[in-house]
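Have a look at the structure below, then the notes.
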Amino acid sequence: MVKQRQIFREVSARLADLEATLDAGIQHRNKALESVGSQLWRWTIMVKKEKAVYDTLNMLNFDVTKKCLVGEGWCPIFAKSQIKDVLQRATLHSNSQVGIIFHEMDTIDSPPTYFRTDKFTNAFQEIVDAYGIARYEEANPAVYSVITFPFLFAVMFGDWGHGICLLLGACVLILREKKLSSQKLGSFMEMAFGGRYVILLMALFSIYCGLIYNEFFSVPFHIFGKSAYECREKTCSDAHTAGLIKVRDPYPFGVDPSWRGSRSELPFLNSLKMKMSILMGVTQMNLGIVLSYFDAKFHGNALDIRYQFIPQMIFLNSLFGYLALLILIKWCTGSQADLYHVMIYMFLDPSGDLGENQLFWGQKELQILLLLMAIVAVPWMLFPKPFILKKLHKERFQGHTYRFLGTSEMDPDSEPDSARSRHDDFNFSEVFVHQMIHSIEFVLGAVSNTASYLRLWALSLAHSELSTVFYEKLLVLAWGYDNLVVKLVGLVIFSFATAFILLGMESLSAFLHALRLHWVEFMNKFYHGDGYKFRPFSFALLADDED
């Protein structure tokens with residue numbers, strides 16, 4: 001027994017020593033991990049910087065004669081003086097015996113594209129870049145999208161009550177941007193925070209369009225004075241049955257509130273918004289074609305101006321520009337002419353009598369002239385440019401049976417996409433087919449794109465009617481009861497329907513449709529989007545990169 005107790009004490013002492021050793025090891029390991037953990041992020045960034053530096057050095061060439069490194073790269077024009085100053089300071093600080101030489105080189109490669117943006121314009125530039133990166137020195141659609149994108153959104157989302165809700169959300173994101181920018185946000189919040197200034201402009205334009213539509217959660221208000229209409233009889237109180245008559249000057253701003261609830265509400269608003277959509281579409285498509293002119297003029301491309309810009313302007317405005325003119329004349333004169341009949345019989349019977357649909361003197365003759373101009377514009381777009389390019393190519397290389405001499409620095413055989421090799425590889429059939437596709441696409445697109453702008457009318461009408469249904473069938477119906485619980489339930493359901501359906505789903509739908517109108521209907525008139533982005537070497541970007 002004594003021996004057993006002695007062995008038990010020895011084993012217990014050894015176990016205690018082992019436990020103390022393990023505890024000390026665990027404590028040491030935890031302290032080591034804590035010290036490593038506090039420095040891990042810094043070490044990771046340091047390793048990334050070292051790796052980035054050596055990856056960049058591997059791109060340089062070593063000059064054996066001068067024992068220096070030679071590198072070629074792109075830089076913005078405005079940054080040349082800054083780069084020279086930095087290189088000179090680096091030479092002094094490193095005590096280098098070889099001076100740093102900054103030399104500009106000629107190249108046949110297309111440079112990358114770089115746009116300087118700030119926190120306000122960056123989101124609009126990202127919207128354009130999602131479609132495609134601009135070519136070098138190509139017109140940037142983001143400059144115009146800063147205004148046109150939120151405005152087209154607001155045309156579909158026109159309600160100044162909903163616009164105020166969007167404005168409050170945008171203001172919260174903007175006022176807390178310093179705090180939110182340092183936090184890890186979810187995918188939806190990160191997207192909303194990145195586009196906070198886009199939401200701000202969309203909200204402001206929605207308030208403006210809502211004041212024009214005179215809708216505050218679908219309810220009209222007499223903000224700018226009294227209505228121009230009153231009931232036909234002095235004793236009437238229901239505009240649905242008695243009708244309205246005009247008793248004073250038109251409402252000063254926006255839609256007269258008396259149209260809401262009247263028997264003519266839908267026909268009037270449908271006609272107004274549909275014609276307004278066509279006017280906006282024709283205006284924006286003309287802007288896109290005008291930008292193609294400035295782009296061609298900047299690059300000195302006279303062929304594109306003569307055989308693309310001019311016939312495109314003639315074709316579009318001979319048909320749909322004329323339709324926009326008819327809409328404006330009808331609005332100004334108060335005519336009851338049927339524009340559907342005018343446009344259809346402009347093609348079916350150009351010389352026919354317009355009758356009651358005549359809006360001005362000489363309209364029939366003008367329509368015949370515009371139709372002939374539209375017909376002439378199609379072969380004008382299609383045939384001259386390919387044959388002129390073929391003629392210029394033959395004149396340029398007539399009698400030249402030799403090829404360009406290749407050098408170690410510039411060899412067209414090693415640069416299949418270079419400008420020199422394209423001269424030798426001129427293929428008339430490919431050029432003609434490309435021009436034919438471009439011409440057919442524009443002709444058909446002029447019709448489909450104009451019709452596509454009718455989505456402004458459709459979504460605006462859908463938003464207004466859906467808002468009216470929620471207001472009348474939820475809020476007004478619930479508040480018609482004397483029970484407080486029913487009123488509160490109706491108010492809660494109305495609030496959730498407004499927040500999730502009208503402010504959530506409807507705003508996303510209007511955003512996507514405005515995006516489509518810019519990408520397809522506007523930017524395809526002048527924007528190629530086949531360039532590549534300038535990505536400078538920067539330590540600041542390494543912290544955001546994933547392994």
Subject >> Residue-count net charge about Ser351 - beta-carbon cut-off 15 Å; Lys, Arg +1, Asp, Glu -1 >> reply: -2
Subject >> ³J(HN,Hα) computed for each position of the range 518-523 - Karplus, 6.51 cos²θ - 1.76 cosθ + 1.60, integer Hz, glycine/proline x >> reply: 7, 5, 9, 7, 9, 6
Original post:
Please state the relative contact order of the chain as a whole percent: Cα pairs under 8 Å, 6+ residues apart?
Top reply: 20
Subject >> Listed candidates [x] 51.1; [y] 31.1; [z] 26.7 - label of the one calculated as mean projected area of the Cα convex hull in nm² >> reply: [x]
Subject >> Proximal lysines relative to Lys525, as straight alpha-carbon distance under 21 Å, when same-chain residues fewer than 8 apart are discounted >> reply: Lys297, Lys385
Subject >> Amide H partners (placed H, <5 Å) of Thr113, local residues excluded >> reply: Tyr532, Lys533, Phe534
**OP:** Take each complete run of DSSP H in the chain, measure how far its Cα atoms stretch along the helix's own axis, and keep only those covering 27 Å or more with mean Kyte-Doolittle hydropathy at least 1.0; list them.
**Re:** 363-382
**OP:** Once you have a ≥ b ≥ c as the square roots of the Cα gyration tensor eigenvalues for the range 13-149, tell me rounded if a/c is under 1.5, and otherwise prolate or oblate according to whether a/b is larger than b/c.
**Re:** oblate
**OP:** Would you please give the residues with an amide H less than 5 Å from that of Cys68, counting only those at least 5 places away or on a separate chain, with H modeled from the backbone geometry?
**Re:** Asp63
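Dipole of the chain, Cα-centred, from +1 at each Lys and Arg C-beta and -1 at each Asp and Glu C-beta, to the nearest 20 debye?
Numbers: 51 positive and 55 negative charges, 237 e Å.
Once rounded to the nearest 20, the dipole reads 1140 debye.
Would you mind telling me the share, in percent, of accessible area of the range 1-94 contributed by carbon and sulfur at probe 1.4 angstrom? Mind showing how you got there, number by number?
Working: 5230 of 8460 Å².
Carbon with sulfur: 62 percent of the solvent-accessible area.
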**OP:** Set the Förster radius R0 to 41 Å, insert the Cβ-Cβ distance between Arg176 and Ala451 as r into 1/(1 + (r/R0)^6), and round the FRET efficiency to 0.05.
**Re:** 0.45
Original post:
Over the range 104-235, what percent of the accessible surface lies on carbon and sulfur atoms, probe 1.4 Å?
Top reply: 62
**OP:** Mind checking the per residue accessible area of the chain for me, 1.4 Å probe, whole number of Å²?
**Re:** 63
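I'd like the trypsin sites (Lys or Arg not before Pro) in the range 44-126 restricted to DSSP loop residues with at most 15 other Cβ atoms within 10 Å, sorted by number.
Numbers: sites: Lys48, Lys49, Lys51, Lys66, Lys67, Lys80, Lys84, Arg89, Arg116, Lys119; in loops: Lys66, Lys67, Arg116, Lys119.
Listed in order of number, the matching sites are Lys66, Lys67, Arg116, Lys119.
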Subject >> Amide H contacts under 5 Å for Ile133, placed H, 5+ residues apart >> reply: Gly531
Original post:
Leaving out ligands, DNA and RNA but keeping every protein chain, what accessible area does Ile45 have, in Å² rounded to the nearest 10, with a 1.4 Å probe?
Top reply: 20
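How large is the helix-only mean residue ellipticity at 222 nm for the chain, computed as the sum of -39500 (n - 2.57) over DSSP H runs with n ≥ 4, divided by its residue count, in deg cm²/dmol to the nearest 500? All intermediate terms of the calculation are to be shown ahead of the outcome.
Numbers: 20 runs with 316 residues, N = 547.
Result for the chain: -19000 deg cm²/dmol, rounded to the nearest 500.
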Original post:
Which listed residue (Pro252, Gln39, Phe268) has the Cα farthest towards the positive end of the charge dipole for the chain, taking +1 on Lys and Arg C-beta and -1 on Asp and Glu C-beta about the Cα centre?
Top reply: Gln39
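So if R0 is 51 Å, what FRET efficiency would Ser271 and Lys391 give, r being the distance between their Cβ atoms, rounded to the nearest 0.05? Provide the component values of the computation, followed by the final result.
On the way: r = 51 Å, r/R0 = 1.01.
It comes out at approximately 0.50.
The values are calculated or read from the model by the stated rules, or taken from the named source; none is laboratory data. Keep in mind it's a predicted model, so treat the numbers as computed, not measured. Cβ coordinates were reconstructed from backbone atoms using ideal geometry, including for glycine residues, and neighbour counts include every protein chain displayed. Surface areas here come from the heavy atoms of the whole protein model, side chains and all, with no ligands, DNA or RNA. Shrake-Rupley method; radii C 1.70, N 1.55, O 1.52, S 1.80 Å.
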